[in-house]
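Asks: Got a structure for you, questions after.
The values are calculated or read from the model by the stated rules, or taken from the named source; none is laboratory data. Bear in mind the structure is a predicted one, so any value in this text is a computation, not a measurement. Cβ sites come from the backbone with ideal geometry, for glycine too, and all protein chains shown count toward neighbours. Ligands, DNA and RNA are excluded from the accessible area calculation, which covers all protein heavy atoms including side chains. Shrake-Rupley method; radii C 1.70, N 1.55, O 1.52, S 1.80 Å.
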Amino acid sequence: EDAVAKRFETLPDKGVIYLVRPRTDRDYIAPVLLNDQMVGSTFRGTFLRFEVPPGLHRLRGMASDNGSVTLDMKQGEIYFVQHNAFGHRGSFINSTYQVVDASRGRSLVMDGQMAGLITR
């Protein structure tokens, strides 16, 4: 799946989101919700690939993690979101979600390892 995801193939009837944690990020596990449903977690140096129908989709943290981003997905398009995790005294606290351009996003994905594929 990792090699297939790194082909960056589009889907004619869905949009694709790559949620990527850089290798240089802190070593926290960051749970992720898609449209208020738990879908997995990111780790330093990993990415999730989401294949979703067109329309509004929200990625956000769980519980007290108030990081989030809402994307207006178009079919046949790819979106890249950089995910970073923050903590205090060794405990995870919060994360950020930032849409990045395709060049930066592809570079982060190529440097990472796939943590999951989510298809809706």
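Asks: Expressed in nm², what is the orientationally averaged projection area of the convex hull enclosing the Cα positions of the range 19-58?
Replies: Working: hull surface 11.8 nm².
Over every viewing direction, the Cα hull of the range 19-58 projects on average to 3.0 nm².
Asks: Something else: What ratio of Cα Rg to 2.2 N^0.38 Å holds for the chain?
Replies: On the way: Rg = 13.3 Å, N = 120, 2.2 N^0.38 = 13.6 Å.
My calculation over the Cα atoms of the chain gives 0.98.
Asks: Within the set of other residues whose C-beta is less than 12 Å from the C-beta of Met110, count the net charge using Lys and Arg as +1 and Asp and Glu as -1. Don't skip to the answer; put the middle values down first.
Replies: Working: positive: Lys6, Arg7, Arg23, Arg104, Arg106; negative: Asp2, Asp111.
That sum, taken over residues with Cβ under 12 Å, equals +3.
Asks: If you take every residue apart from Met73 with its C-beta less than 14 Å away from the C-beta of Met73, what net charge results, scoring Lys and Arg +1 and Asp and Glu -1? Don't skip to the end; give the middle numbers.
Replies: Numbers: positive: Lys14, Arg49, Arg58, Lys74, Arg120; negative: Asp13, Glu51, Asp72, Glu77.
Its environment carries a net charge of +1.
Asks: Would you calculate the separation in nanometres between label points at Val100 and His88, each defined as 7 Å from the Cα along the Cα-to-beta-carbon direction?
Replies: About 2.7 nm, to one decimal.
Asks: Moving on to the next point. Of all the accessible heavy-atom surface of the range 1-66, with the other protein chains kept in place and a 1.4 Å probe, what percent is carbon and sulfur? Numbers along the way, then the final one.
Replies: Working: 1630 of 3250 Å².
Using a 1.4 Å probe with all protein chains present, the range 1-66 comes out at 50 percent carbon and sulfur.
Asks: Report the local net charge at Pro12: Lys and Arg +1, Asp and Glu -1, summed over other residues whose C-beta lies under 13 Å from its C-beta. Walk me through the numbers before you get to the answer.
Replies: Values: positive: Lys14, Lys74; negative: Glu9, Asp13, Glu51, Glu77.
Neighbour charge sum, excluding Pro12 itself: -2.
Asks: While we're looking at this one, here's another question. State to the nearest 20 debye the size of the charge dipole of the chain about its Cα centre, where the only charges are +1 on K and R beta carbons and -1 on D and E beta carbons. Don't jump to the answer; show the numbers that get you there.
Replies: Details: 15 positive and 13 negative charges, 46 e Å.
Result for the chain is approximately 220 debye, rounded to the nearest 20.
Asks: Along the charge dipole of the chain, pointing to its positive end and built from +1/-1 on Cβ of Lys, Arg, Asp and Glu, which listed residue (Phe86, Ala5, Val32) has its Cα farthest out?
Replies: Of the options given, the answer is Phe86.
Asks: So with the 1.4 Å probe, I'd like the accessible area per residue for the chain, rounded to whole Å².
Replies: Numbers: 6260 Å² over 120 residues.
With the other protein chains kept in place, the chain gives 52 Å² per residue.
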